[in-house]
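Asks: Okay, handing you the structure first.
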Amino acid sequence: MLPAAAALISFLLASCRSATPAALDNAADFAALCGAYNLYAAREKLQQVPAFPPAAELLAETNNLNITTSSDSWFTNKDGTIKKADGTVDADETATWAKQNAELVKNPITGEHLYKRLPDGDGRRKANRRIKALLSSAKQLTTDYQAAVDAITKHRQKAQQKIQAAIFGADKSDFDKTRYTTARSRGKLCGDDNAGTDAANAPLVYAFICLCTGRDGAAQSECANGITDTVSDAGSQESQAADAWRKIKAACESHRQYFVLTAHTITSAVATILGRIGALNSETTTPSNDKFTLGKTSSSKCDGTAGSKQCINYKKQLGTKGGKLSWLDDLTEAAHELAEADRQQAAAENLKASTLSINRHAWDVYTSAAYDAEDPSQVLPPERSGPAKLTKEEDCNKHQSSEKCTAPCKWNENVTDPNKKCSLDSAKAAEQQATQTNTAGTGDGAARAAAATGCTKYETKNFCEEDKTGDKQICAFRKGKDNEPEKDKEMCRNGSFLGNKKFALGVAALVGFVEF
């Protein structure tokens, strides 16, 4: 057989196949469109979002700790900042504020006393300063947190609206048969011109009529078994279009449904449709027509001719610079909205965790301050920079009443000079001198401790008393004083007590010669 004859026979066979209606010719494109249509039924099957507590609830613990450690002025009247519109203090709101705070710090009948008010002092003020700074940070976090939580709902709702607009049109929830009331309604919706039509930019459901019904005669189940309807290009085709849609809808809904709707679900459905564009277009004679069609056709003019042109032509929407296919754009935006909702959810979870971390930090500050307030012995006082001042005669003379004339001073009511009734008690003065001199010892606390440790190493009196520096005796074998361990036991101890005692007695004797 000659090559030319073989080519002619192949062309005739292809033309015959194209002109002959065949069941399921459009099955692949129909399945792709159904995948997008079924997004509408899945629009309520969004991924579950964890429960996010209100921002005020997250902020409550740090806010309560701030109140618990606040100044008395803030605690009772919010530093006078609760005012009416005219600038005067709102007494009722101030009373409510004080009552709420009192309830907060009150010891409950049952359960732990969480928000115990700390006593006034440096500890409370220091804790409040730190907690107030933490509260300021937490407020900013919870502001951003609440914005993210609100955005999750907003973006998910917008995605659902975009899906509905893509499938049925804005504010529509079903197939609108009134689109088929005039002549050429079908043709315009299907793009029955090689250059396409503006009307083809319709919601997705109307593309099914182009692929699944005949224009001049019955379809041959090209989309699915049993769909053999005719929707002509004449006027008043509302009922025919509605009947065909019911069968198409049932066939789509018999396909696998989505268990959950995600951004990826939508983008996959869109990609599948775009991958089918031109796949069933067998035109070879007019390249300028391009192949922006869905459904079987021997040319890009989707006029619905039975067996050869049951398709929709999107050339004006997809093959033109600046073209717009609304349902495709709406589904793309729906995927974007769901992706943004996921991003906001991640942000809300991070902000929540950060706020809870601040709460734990605030509790640490409060717990530390509360412990110091309950056990002040744990708070070490500052060390003295020198020895305490000894009381002198003139110090006693300053007191004009017996209540203030305390040791080492004494009160003598019989003295005529009012400035001499309170005078220095020589015996008490000696005791004060002895005590302070002994406290001073041989140097600072560490040196005294070392000296004491050095004397206690001698177990016999002879060795103890032989420890000297020149003529100065360092240790003494004696019983202990009130502030020494095992005071009733004779043992080698710090010898400074001897010098201190002699010095104190000397002072007492000297004071005895003073004439008052």
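Quick note: the coordinates plus some simple rules give every number you see, no bench work behind them. Note that the structure is a prediction, hence the values are computed from the model and not measured. Here Cβ is always computed from backbone atoms with ideal geometry, including for glycine, and neighbour counts include all displayed protein chains.
Asks: Taking only pairs that are 8 or more places apart or on different chains, how many Lys pairs in the range 50-135 have Cα atoms under 16 angstrom apart?
Replies: Counting lysine pairs in the range 50-135 gives 4.
Asks: Right, something else. Would you kindly derive the ³J(HN,Hα) couplings of the range 412-421 from the backbone phi angles with the Karplus curve 6.51 cos²θ - 1.76 cosθ + 1.60 (θ = phi - 60°), listing them in order in whole Hz, with x for Gly and Pro?
Replies: 10, 5, 7, 5, 6, 6, x, 8, 10, 4
Asks: While we're on this one: By count of other Cβ within 10 Å, fewest leading, how are Lys126, Lys479 ordered?
Replies: So the residues, fewest neighbours to most, are Lys479, Lys126.
Asks: Using amide H atoms built in the peptide plane, which far-off residues or other-chain residues are under 5 Å from Tyr314 H to H?
Replies: So Tyr314 has HN proximity to Phe292, Thr293, Leu294.
Asks: Whole Å is fine, so just give me how far the alpha carbon centre of the range 189-261 lies from that of the range 301-329.
Replies: 14
Asks: Mind sorting Arg493, Arg125, Arg117 by how few other Cβ atoms lie within 10 Å of their own Cβ, fewest first? List each step's numbers first, then the result.
Replies: Values: Arg493 26, Arg125 14, Arg117 19.
Arranged by neighbour count, lowest to highest, Arg493, Arg125, Arg117 become Arg125, Arg117, Arg493.
Asks: Pairs Lys392/Lys479; Lys296/Lys324; Lys162/Lys316: which are spaced more than 25 Å apart, C-alpha to C-alpha?
Replies: Cα-Cα > 25 Å for Lys392/Lys479; rest within.
Asks: Over the range 245-374, calculate the relative contact order: mean separation of alpha carbon pairs under 8 Å at least 6 apart, over the residue count, as a percent.
Replies: This gives 18 percent for the range 245-374.
Asks: Okay, moving on. Could you sort 217-225, 321-329 so that the peptide with the highest average Cβ count within 10 Å comes first and the rest follow in order? Write down the numbers at each step before the final one.
Replies: Details: 217-225: 19.6, 321-329: 14.2.
Put in order of decreasing packing, that is 217-225, 321-329.
Asks: If you average 1/r across every pair of different Cα atoms in the range 107-189 and take the reciprocal, what Kirkwood value do you get, in Å?
Replies: 19.3
Asks: Another question, then. Please give every one of the aspartates and glutamates within straight-line cross-link reach of Lys420, meaning a C-alpha to C-alpha distance under 20 Å, and leave out same-chain neighbours fewer than 8 residues apart.
Replies: Answer for Lys420, where 20 Å is the Cα cut-off: Glu393, Glu394, Asp395, Glu403, Glu515, listed by chain and number.
Asks: Right, here's the next one. Counting only residues 5 or more places away or on other chains, whose amide H sits under 5 Å from the amide H of Leu261 once H atoms are built in the peptide plane?
Replies: Residues meeting the amide H criterion: Lys45, Leu46, Gln47.
Asks: If amide H atoms are built 1.01 Å from N in the plane of the peptide, which residues on other chains or at least 5 residues away come under 5 Å of the amide H of Lys83?
Replies: Asp90
Asks: Another one. With a bin width of 10 angstrom, please list the P(r) values of the range 12-165 as percents of all Cα-Cα pairs, from the 0 bin to the one holding the largest distance.
Replies: Histogramming the range 12-165 at 10 Å steps yields 9, 20, 21, 13, 11, 9, 6, 5, 5, 3, 0 percent.
Asks: So, one more: How large is ³J(HN,Hα), in whole Hz, for each residue of the range 290-295 in order, when computed from phi with the Karplus curve 6.51 cos²θ - 1.76 cosθ + 1.60 and θ = phi - 60°, using x for Gly and Pro?
Replies: 6, 9, 10, 10, 10, x
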